[in-house]
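Okay, so here's the structure we're looking at.
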Amino acid sequence: MFQKLSPLKIVSGITYFVAFAAVCLFVNAQMERYDFFLYLYGESTAPGSKALVKVISRDGELVFAPDIFVNGVCQPSQLIDLRPDLREIKVVFGQMEATFPIKYSDITNYPFVLQKPLGISLQEAKNVRRPVDFDGRKIYLLPENFRAVSEFETTVALYCTKDDKPCEDTSVFLNGVRYGLDNGFLKFSTVFQKDQGVDVYFEEGESAFVPVPYAGKMFKFIKTGNSLTVSSLSTVRTAHIDCFSNGKWAGTDVISVGYEGVALPQVYSKCDTVQASMNSASPGTMFAVYSGLNEIRGKISDPYYSSLAKALPNFSEKAQNFFITSYNSSVFQPLSKIFSGEKLERDFVSAKKSELALYRTILIISSILGMILFGYSMFKKIKVVVDEDGELISYSLAKQRAIAFGALAFYAFFIFALLYLLDNLA
């Protein structure tokens, strides 16, 4: 027959089980990490606005081509609609997934600051060389998309002015090749090396090396009919391609781009401005812009082209249109951050601390109760045993108590060490 368990053994068993469960739950919660950050970018937080979803790992790596689920519904791209009923965004990539409990109110409460356009930097404007003067003639070079990138074949416009009017010369030599001038204007194609310039001379007059004023990096747009292709000097797995229409952001694709180039979908033909960068929100200096606008955005204020602007009305319509589209390509509009995943991380850390505090409290209480039960059972069994002659055959009462107190001290030290170890788990 089963031996009936005493209440002390039952309470002890329950206490030790609770302590063990608390340790397991504590370890499980402590090992949880916030490994991915969610960021949303766009132009507005109003209901129905578009937002670009970007997920970045803790080591700074952008998650490429993830599947995105909003409230459990798979989205066709990394663009989502901001909706008041937003509860959750889940991202699935490979065998991994990350769920972000984000609400629409989290987005509207985030401090939204619209980013200003990026143009010619103060450092560039300070260091740019003035147009080269040829006996009163001034020569300006203007690459398509405004900035020339070495190693790409680039179409470049040459403007020749004299006394703020187009030159009357009918030809000019570029790198030893003769080109005809049409009312002071011509277009030519070349592949720039590190020097990024051409040797220019007239039939009568001096020669000089004319550099391109502003250098580009990494990306290049090529327009062929209604098709637009983007290329990169080296392969970029997460190139951001932004579309703007009538000054408004219409969307962004994150694609892989190499030197051979990628033809953009036909929908981009409806964009009046297309941007390429490694990060739409923070492009640095590695970006390229294609513009189809037929009016100048802002003012022509840089020190190189401002003097050409005075003579521009006297050039042909073809020359003026090339200047407008190319000069507009000097402006990059960064996307604004409408939500930062750092808030979710703070919420995660706060919830984790509350959970750990609960398990720690349960562990401490059960440990103290266990120590009391342990001490009670030990002291209850302390006895002094003597033989028939009155000789002690057990430890003395004082020594047994000392051993018991030592065991309790070790018990307490073990619990303290366990709590310290749990709190400092990597």
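Here are a few things to note about the model shown:
- Highest GNM mean-square fluctuation among ARG83, ARG58, ARG147, for the chain modelled with Cα contacts below 10 Å: ARG58.
- Cβ charges +1 (Lys, Arg) and -1 (Asp, Glu), total dipole of segment 144-290, debye: 760
- Angle in degrees between helix 317-328 and the longest Cα principal axis of the chain, rounded to the nearest 10: 20
- Surface composition of the chain: carbon plus sulfur atoms hold 57% of the accessible area, using a 1.4 angstrom probe and ignoring ligands, DNA and RNA.
- Taking 4.7 Å between beta carbons as the limit, the unpaired Cys residues of the chain are CYS24, CYS74.
- FRET efficiency estimate (nearest 0.05) - Cβ-Cβ, ASP67 to ILE368, R0 45 angstrom: 0.35
- Our Cα-only numbers for segment 224-364 put the radius of gyration and Dmax at 22.7, 87 Å.
- Taking a straight line from the alpha carbon of LYS217, these aspartates and glutamates sit under 19 Å away, with near neighbours fewer than eight places off in the same chain left out: GLU124, GLU144, GLU151, GLU153, ASP195, ASP242, GLU260.
- Largest GNM mean-square fluctuation across VAL212, VAL23, VAL92, computed for the chain with C-alpha springs under 10 Å, falls on VAL23.
- Computed log10 I(q)/I(0) for segment 167-244 at 0.11, 0.15, 0.22 Å⁻¹: -0.46, -0.74, -1.10, from the Debye equation with unit scatterers placed on every C-alpha and solvent omitted.
- Square roots of five times the Cα gyration tensor eigenvalues for segment 166-212, Å: 19, 12, 9
- Axis of helix 342-381 versus longest Cα principal axis of the chain: the two differ by about 10°, to the nearest ten degrees.
- Computed from backbone phi with θ = phi - 60° and the Karplus coefficients 6.51, -1.76 and 1.60, the 3J(HN,Hα) list for segment 194-211 is 4, 6, 6, x, 9, 7, 10, 7, 9, 4, 10, x, 7, 10, 7, 8, 10, x Hz; x is used for glycine and proline.
- Between ALA309 and TYR201, full extension at 0.36 nm per residue minus the direct alpha carbon distance yields a gain of 36.6 nm.
- Looking at segment 289-364, the GluC sites (Glu not before Pro) that sit in a DSSP loop and have at most 13 other Cβ atoms within 10 Å of their own Cβ are GLU295.
- Span per principal axis, largest first, for the Cα atoms of segment 1-97 (Å): 74, 31, 24
- Helix content alone sets the calculated 222 nm mean residue ellipticity of the chain: runs of n ≥ 4 DSSP H residues at -39500 (n - 2.57) each, divided across all residues, give -9500 deg cm²/dmol.
- Taking chymotrypsin sites (Phe, Trp or Tyr not before Pro) in DSSP loop states with no more than 16 other Cβ atoms inside 10 Å as exposed sites, the chain has its longest site-free stretch at 113-258.
- Those residues of segment 306-349 whose amide nitrogen sits under 20 Å from the label point placed on GLU295, 7 Å along Cα→Cβ: 309-310, 312-314, 317-333
- Choice from MET218, MET31, MET278 showing the highest fluctuation, given a GNM over the chain with Cα pairs closer than 10 Å: MET31
- Too-long pairs where the Cα-Cα distance tops 31 Å, listed order kept, from LYS116/LYS352; LYS90/LYS220; LYS126/LYS220; LYS50/LYS126; LYS138/LYS220: LYS116/LYS352; LYS90/LYS220; LYS50/LYS126
- Angle between the chain longest axis and helix 7-30 axis [Cα atoms, degrees, rounded to 10]: 10
The values are calculated or read from the model by the stated rules, or taken from the named source; none is laboratory data. Model, not experiment: these values are computed from the prediction. Here the Cβ is made from the backbone with ideal geometry for all residues, glycine too, and neighbour counts use every protein chain on show. Note: areas computed on protein heavy atoms with side chains; ligands, DNA, RNA excluded. Shrake-Rupley method; radii C 1.70, N 1.55, O 1.52, S 1.80 Å.
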